[in-house]
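Visitor: Questions regarding the structure given below will be posed in turn.
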Amino acid sequence: MTRITILKREGMTDEQGRVFDAVKAAGGPQGGPHWAYIRLPQLEAATQELGAAIRDTTISKREMQVVVMTVIRHWGAGYPWAVQSRVALQLGMDQSVLDALDARKTPPLTSPREVAAHQVAHELLGDKKLSNRAYEAALKVFSLEELVSLVAMVGNFSMVCCTANAFDVTPPADAPARLTD
């Protein structure tokens, strides 16, 4: 059960409502951790801007989703896993990739860029740094600007996961997947 009351639009302050309306008009995410962020409207606006800046890259949506799913699994964040699994499947990610990540195993990725994206996220989270080997491998398939975006994505989605976990945000009932532990 989500620990915080989900604010309805009519119960928001003027500033919260202005930000909420702007996010909605832009098609941005409004559920999950954003139920917490809207309590601090400047934070909600900043998270939306940061997410947009990180996604403004030549990295494919599938490559980004590999990073997102790796980060979510690391943090064991139920709400993001439930929601982002749907996105992963819509992007054509094979269920076996999600199953491997859920089992904390190396996913069966075939694209060198997706493999490198997973390795970057996995090492940064697990080892708190990126090895020279992983760094060099990433730069063989990504530009430096793309690698900066991948690293920022790891940090940004870690914040999303920490927020979802702290406030025990309940996954939607119709989500296609749940974490196994």
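Visitor: Within the range 146-155, identify whether any single residue is in contact (Cβ under 8 Å) with a residue 24 or more places away in the chain, in contact with a Pro (Cβ under 8 Å, 6 or more places away or on another chain) and not assigned by TED's automatic domain parsing to the domain that holds A36, and answer yes or no. Walk me through how you get there before you give the answer.
Guide: Narrowing the range 146-155 to residues in contact (Cβ under 8 Å) with a residue 24 or more places away in the chain: 146-147, 149-154.
Subset that is in contact with a Pro (Cβ under 8 Å, 6 or more places away or on another chain): none.
No, every residue in the range 146-155 fails to be in contact (Cβ under 8 Å) with a residue 24 or more places away in the chain, in contact with a Pro (Cβ under 8 Å, 6 or more places away or on another chain) and not assigned by TED's automatic domain parsing to the domain that holds A36.
Visitor: Oh, and also: So is L109 surrounded by 15 or more Cβ atoms within 10 Å (Cβ to Cβ), in contact (Cβ under 8 Å) with a residue 40 or more places away in the chain and either touching a His at 6+ places or on another chain (Cβ under 8 Å) or part of a loop (DSSP other than H, G, I, E, B) (or both) or not?
Guide: Taking the combined requirement at face value, the residue satisfies it.
Visitor: Looking at (1) of a type in the set (G, A, S); (2) modelled with pLDDT of 95 or more; (3) within 13 Å of the chain's Cα centre (by Cα), which is the only condition G51 fails?
Guide: All conditions are met except number (2).
Visitor: I've got another one for you. Among the residues of the range 25-41, write down those that are within 20 Å of N156 (Cα to Cα), loosely packed, with under 14 Cβ neighbours inside 10 Å and free of Cβ contacts under 8 Å to residues at least 24 places away in the same chain.
Guide: Within the range 25-41, A26, G27 meet the criteria.
The values are calculated or read from the model by the stated rules, or taken from the named source; none is laboratory data. It should be emphasised that the depicted structure is a prediction, and the values quoted were computed from it without experimental measurement. Every residue, glycine as well, gets a Cβ built from its backbone with ideal geometry; the counts of neighbours run over all protein chains shown.
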